[in-house]
Every structure is written in C-alpha cells, then in structure tokens.
Amino acid sequence: MQAITVRDRDAGTAGMSLTDLPYPHAAENDVIVRVHASGFTPGELDWPATWADRAGRDRTPSVPGHELSGVVVELGYGTTGLSVGQRVFGLADWTRNGTLAEYTAVEARNLAPLPADIDHTLAAALPISGLTAWQALFDHGRLTTGQTVLIHGAAGGVGSMAVQLAREAGARVIGTGRSADRDRALGLGVDTFLDLQAGRLEDAGEVDVVLDVIGGDILDRSAALVRAGGTLVTIAMPPRVQPADGRAVFFVVEPDRARLADLATRVRDGRLKPVVGAVRPLAEAPAAFAPGKRTSGKTIIRVTQD
Ligand SMILES: NC(=O)c1ccc[n+]([C@@H]2O[C@H](COP(=O)([O-])OP(=O)(O)OC[C@H]3O[C@@H](n4cnc5c(N)ncnc54)[C@H](OP(=O)(O)O)[C@@H]3O)[C@@H](O)[C@H]2O)c1
C-alpha cells in the first residue's frame, strides 16, 4: 500500500516521502480502515510519539496523520462494535502508524460510525479539533451556561470548534486572533473579537474560562484574566503561570466514541461546521505539511476517492 513516511527527525518535511509499505496488521480489538480522508497536525514532526513507541523504541519509518475517515475492511481478533463495510471516523493512536496511508490499523474504540450523509473530507476535519474543543471547554474548563469564555486562536482548527460549541452551550464568547481572523471569528459566533496584534489582552476583562491554543507569553498573561474559581485550559504547553485563585490545566486530547457520535450529529444538524481550508491528494501531503504552506482552515488529505 502507499503511505507517507518520515525517517529522519532532523530532516523535517524534506524527510517525508510517498512509500510502499506492507498492509498493516490488525491486533486484538483493532479494525483495519481503508482511509478515504486523513487529517494531520502541522507540529507532528516535533512530537516524541512520531519517532518512538510507548517503550521509547525507534519506530521509523513512521506514518504521520492521526485523524481519519474511511471504511472498515477487516476486524482484529475479538473486535466488536464495528463491522466490515461500515463508514467510520476518529482518532488513530499517537504511537502507531497513522492515517496518511491507504490502510491503517486503529483500536475500534477510537472510532465512531459515520452517517452516510457526511462526506469523508468533512469528517476527517472533526476528530482532533472537535474532541479537543469539547474536552477543553466542558471536561476541563467546566464551562456552563451564562459564563464567559475567552478562546485564543478563535479562527483556527480547535478555536473555531470551541467558539461554536461554547455559543451553543449559552456562554458569552470572546475570541482572539490576528487582524485577518476577525471576520471569520465573528462569522463563527464570537460576541467580541480581540485582535492580539492591535489590542491589549488585558482589556478582555475577567472571564470564567480561558482556552489557550497558542502558549508562550499569551498563555502566561492569560492567567491574570481568570476570575476566582475559574480555569485556564491550555492545549499548547504546560502552564508556567497559575491563576491567582483558579486552576490551570494542560491536557492531551483523548479518544471518545460517544462524543465523536455527538459531534457528527451536530454536523448533520448544521449546528457545527468544521472549517476545511484545502483538500490535497496523498502525494502532496509533504508539501501540505511544510511550514508556511498552510491555508486558513484545516488541510485534509484525500487518500481515496469514494
Ligand atoms: N494538547 C492537545 O491535545 C492538542 C490538540 C489539538 C491541537 N493541539 C495543538 O494546539 C495548537 C493549535 O491547534 P489548531 O489545530 O487549532 O491550530 P491552528 O488551526 O493553526 O489554529 C491556531 C490559531 O491561532 C492563531 N495564532 C497562533 N499564534 C498567534 C498569535 N501569536 N497571535 C494571534 N493569533 C495566533 C493562528 O493564526 P495563524 O495561522 O495566522 O498563525 C490560528 O488562527 C497546535 O500547536 C496544536 O499542535 C494540541
């Protein structure tokens, strides 16, 4: 089968290539998925899990990409809950070969059935951004109706999902980003947009929850915005500054079949819109990964046509 592999940590995207790999092995409780569409995170080449397995052993050549939408073609020993021929979408394990491939082995529990009327391209844009936004706002941030949340990078992958989910939950949303992000953020439903290039972050006032996707200085300064009892949630890096009278949480997104199914329902109902910026074939994945080549919205790699 054809797959994109990375072999050399120091080579960056120049070390990515379209390669012939053996068809994957289905372990216990796995399914093999014929990948139709794959999503990736631009920073993946910096993740330890791209280069080593859970025991820290080298696992190159490894296949990046950890979101997928496709069709189940094989069940592993003892696998239940999904069937051959079923459309599915979800998250692939971080420390196994990923989804920039014609076939991939995934634990069945990391996938949810994909309704027939949602296109694979749209579905592949949903798992990481959608699950991360949900877990950040509601599991870690404990955001409730009537509260105020400040969402950094409101026009980006996670931010755009978070804005829509927070609005639907009845929260007041302050979105931040660059000047060019203003219209998209307002279109997604932020009540107020704060241009981080022009305005002072401190002008946002006190909020119940901050969702940070940027890290660094923006994350440090966000701690002071959290009101007593509130939460600073970040997906960028462990926080260096704590809110004076609140919590700070850094987490890595976890698979969740039930939540994936809920997100798919929201997409079908038109209540949640993943922002797909570009769709490219598998052979162009290395170019799509390259720094500075990103478009606004998620880039999806179309591996197989329907
Ligand atoms: N911990 C986890 O489980 C988890 C899960 C998902 C993602 N992540 C990480 O979270 C980060 C965000 O992911 P994403 O998919 O949302 O990325 P994304 O689509 O690139 O969104 C980030 C947004 O923030 C904006 N931004 C970045 N730096 C900024 C700054 N200094 N001032 C103003 N705006 C700024 C970006 O604008 P530009 O595009 O113009 O820079 C973009 O609109 C990535 O580092 C990703 O690896 C972590």
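The values are calculated or read from the model by the stated rules, or taken from the named source; none is laboratory data. In this text the structure is predicted, and so the values were computed from the model without any measurement. No Cβ is skipped: glycine too gets one built from the backbone with ideal geometry, and neighbour counts run over all protein chains shown.
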TODO: Could you please let me know if G157 is within 10 Å of the ligand (Cβ to nearest atom), under 30 Å from D58 (Cβ atoms) and not assigned by TED's automatic domain parsing to the domain that holds G76?
DONE: yes
TODO: Return only the number of the condition from (1) more than 13 Å from the ligand (Cβ to nearest atom); (2) over 17 Å from A123 (Cα atoms) that A264 does not satisfy.
DONE: (2)
TODO: Tell me, please, whether a residue that is at positive phi, of a type outside the set (A, V, I, L, M), surrounded by fewer than 22 Cβ atoms within 10 Å (Cβ to Cβ) and more than 15 Å from the ligand (Cβ to nearest atom) can be found in the stretch 129-151.
DONE: yes
Open item on the list: Test of understanding: among A264, A290, A248, which residue is closer than 28 Å to A3 by Cβ, touching a helix residue (DSSP H, G or I) at 6+ places or on another chain (Cβ under 9 Å) and crowded, with 20+ Cβ neighbours inside 10 Å?
Closed with: A264
Open item on the list: Here is a check on your reading of the model: is A154 closer than 20 Å to E206 by Cβ and either within 15 Å of the chain's Cα centre (by Cα) or polar (S, T, N, Q) (or both)?
Closed with: yes
Task: Hits in the stretch 140-167 - residues which are outside any loop (DSSP other than H, G, I, E, B), under 25 Å from T41 (Cβ atoms) and in contact (Cβ under 8 Å) with a residue 60 or more places away in the chain - done: H140, V149, L150, I151, G157, V158, S160, M161, Q164, L165
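One line per residue, one yes/no per condition, for (1) under 19 Å from G159 (Cα atoms); (2) within 23 Å of the chain's Cα centre (by Cα); (3) surrounded by 13 or more Cβ atoms within 10 Å (Cβ to Cβ):
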| position | (1), (2), (3) |
| --- | --- |
| V209 | yes, yes, yes |
| I214 | yes, yes, yes |
| V233 | yes, yes, yes |
| M237 | yes, yes, no |
| R240 | no, no, no |
Task: Unmet criterion (only one of (1) in contact with a Leu (Cβ under 8 Å, 6 or more places away or on another chain); (2) within 15 Å of the ligand (Cβ to nearest atom)) for R257 - done: (2)
Open item on the list: Here is a list: A224, A198. Which entry is modelled with pLDDT of 95 or more and on the phi < 0 side of the Ramachandran plot?
Closed with: A224
